[in-house]
Amino acid sequence: MVSSVADRRALPDAFPEYRRGVALGATAYTLWGLFPLYWTLLGSAGALEALAHRMLWSLVVVFFVLWWLNRGTAFASVRAVIASRRKLGLLAVAAVLIAFNWGAYIWGVNHGRVVETALGYFTGPLVSVLMGVLLLGERLRVAQWVAVGLGAAAVVVLAAGYGQVPWVALVLAFSFSSYGLVKKLAGVPAVESVGIEAGITLVPALAYICVIEATGSGTFFSLGAGHALLLIGGGVVSTMPLLAFGGAAVRIPLSMIGLLQYLAPVLQFVFGVLVFHEQMPPQRWLGFAIVWLGLIVLTVDGMRWRVPAPPLDRT
């Protein structure tokens, strides 16, 4: 129940922002779930070259988005963020974290380990929930704890089925969950945040591209126009979900972001099995079934819940 008249008056303003945040988060994770289909097309470039081009062309995309949204305010907002040491420092950390995350993800996809990348993103929500509870003081409802418990059981079963330490999964889980926490603490609007992150990584990315092209090991100019367009497109397809994720991170609790994160590994797991035909022992099938049960619990609970937590103060 709403405890006061002021709370009741605040809900009409808070709930649309919360609902928009959930929609943005779901969009981001669905797009990320589709990415194995794209990055396998860039296997000849290698993870580092694909990552460097992703950083470079992401900045170009965000620049045009800022120009389109400008109307005298967007670039001024970027300058204001840069003037804040705290926010700029947090976004620098975020840029490093997302670089590690994307490098490990592209490497895993191009080395036949799509199922392990899915395991990483199954584990990520658990890390996000723990960060939200332990570091931000967020609280979960009983049904959400049940869903998290089912997710934990699924991760244990899937890890046992994998048969070795899944280092790619661990890098993905901890880097992206930490990225979500840092983005939430920074509280910077989505477009400005992604633009600054891309700007921070521009120099090392451009330097790496120049070095490999000069030494003849780069593929941008040597494998045809189609390959070059795919490298450029990597910046486009990776920026869109980052923008959506940035919009979600400042509107909804970190624990809900962590739970929405299950959408991406479900899609990745399906692609790993049906498209890339990776091995599927019984333990992995069992883990997948447990995850779906957790998602059902989470969905039912979300349909019943009508009083959202207030959005993060972005001032």
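Tabulated data
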quantity	calculated
Cβ pairs under 6 Å, 6+ apart, first in the range 38-60 and within 12 Å of residue 231 (Cβ to Cβ) and aromatic (Phe, Trp, Tyr), second at pLDDT below 90 and surrounded by fewer than 21 Cβ atoms within 10 Å (Cβ to Cβ)	38/237; 57/235
Identity of the residue in the range 152-168, within 21 Å of the chain's Cα centre (by Cα) and over 19 Å from residue 295 (Cα atoms), that ends up surrounded by the most Cβ atoms within 10 Å (Cβ to Cβ)	166
Flag for residue 201 being in a helix (DSSP H, G or I) and under 24 Å from residue 36 (Cβ atoms)	yes
Failed item in (1) modelled with pLDDT of 85 or more; (2) in a helix (DSSP H, G or I); (3) over 21 Å from the mean Cα position of the chain (by Cα), with residue 64 passing the rest	(1)
Odd one out for residue 183 among (1) charged (D, E, K, R); (2) modelled with pLDDT under 90; (3) farther than 30 Å from residue 130 by Cα	(3)
Selected residue (criterion: modelled with the highest pLDDT) from residues of the range 235-251 that are over 17 Å from residue 264 (Cβ atoms) and crowded, with 21+ Cβ neighbours inside 10 Å	251
Selected residue (only one of 115, 146, 133, 78 is surrounded by 14 or more Cβ atoms within 10 Å (Cβ to Cβ), touching a residue at least 24 places away in the same chain (Cβ under 8 Å), part of a helix (DSSP H, G or I) and touching a Ser or Thr at 6+ places or on another chain (Cβ under 9 Å))	133
Number of the exception - residue 216 against (1) surrounded by 22 or more Cβ atoms within 10 Å (Cβ to Cβ); (2) touching a Ser or Thr at 6+ places or on another chain (Cβ under 9 Å)	(1)
Boolean, residue 216 is of a type in the set (Gly, Ala, Ser) and in contact (Cβ under 8 Å) with a residue 60 or more places away in the chain	no
Cβ-Cβ under 6 Å pairs, at least 6 apart or on other chains, the range 237-253 side touching a residue at least 24 places away in the same chain (Cβ under 8 Å), far side of a type in the set (Asp, Glu) and part of a helix (DSSP H, G or I)	251/17
Residue check for residue 257: within 13 Å of the chain's Cα centre (by Cα), part of a helix (DSSP H, G or I) and on the phi < 0 side of the Ramachandran plot	yes
Odd one out for residue 223 among (1) surrounded by fewer than 23 Cβ atoms within 10 Å (Cβ to Cβ); (2) under 21 Å from the mean Cα position of the chain (by Cα); (3) modelled with pLDDT of 85 or more	(2)
Residue 268, sole failed condition from (1) over 14 Å from residue 120 (Cα atoms); (2) modelled with pLDDT of 75 or more; (3) buried (at least 17 other Cβ atoms within 10 Å of the Cβ); (4) not charged (D, E, K, R)	(1)
Residue within the range 181-203 that is surrounded by 18 or more Cβ atoms within 10 Å (Cβ to Cβ) and closer than 30 Å to residue 278 by Cβ present	no
Scope the range 273-300; condition in a helix (DSSP H, G or I) and aliphatic (A, V, I, L, M); matching residues	273, 274, 286, 289, 290, 291, 293, 295, 296, 297, 298, 300
Matching option when the condition is out of contact with any Pro (no Cβ under 8 Å at 6 or more places or on another chain) and β-branched (Val, Ile, Thr), among 148, 133	133
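Residue by residue, here is whether (1) assigned to a helix (DSSP H, G or I); (2) of a type in the set (S, T, N, Q) holds:
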| position | (1), (2) |
| --- | --- |
| 179 | yes, no |
| 185 | yes, no |
| 188 | no, no |
| 191 | yes, no |
| 207 | yes, no |
| 211 | yes, no |
| 217 | no, yes |
| 220 | no, no |
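The values are calculated or read from the model by the stated rules, or taken from the named source; none is laboratory data. Here the structure is a predicted model, which is why all the values come from computation and not from measurement. All Cβ positions, even for glycine, are placed from backbone atoms using ideal geometry, and neighbour counts span all protein chains on display.
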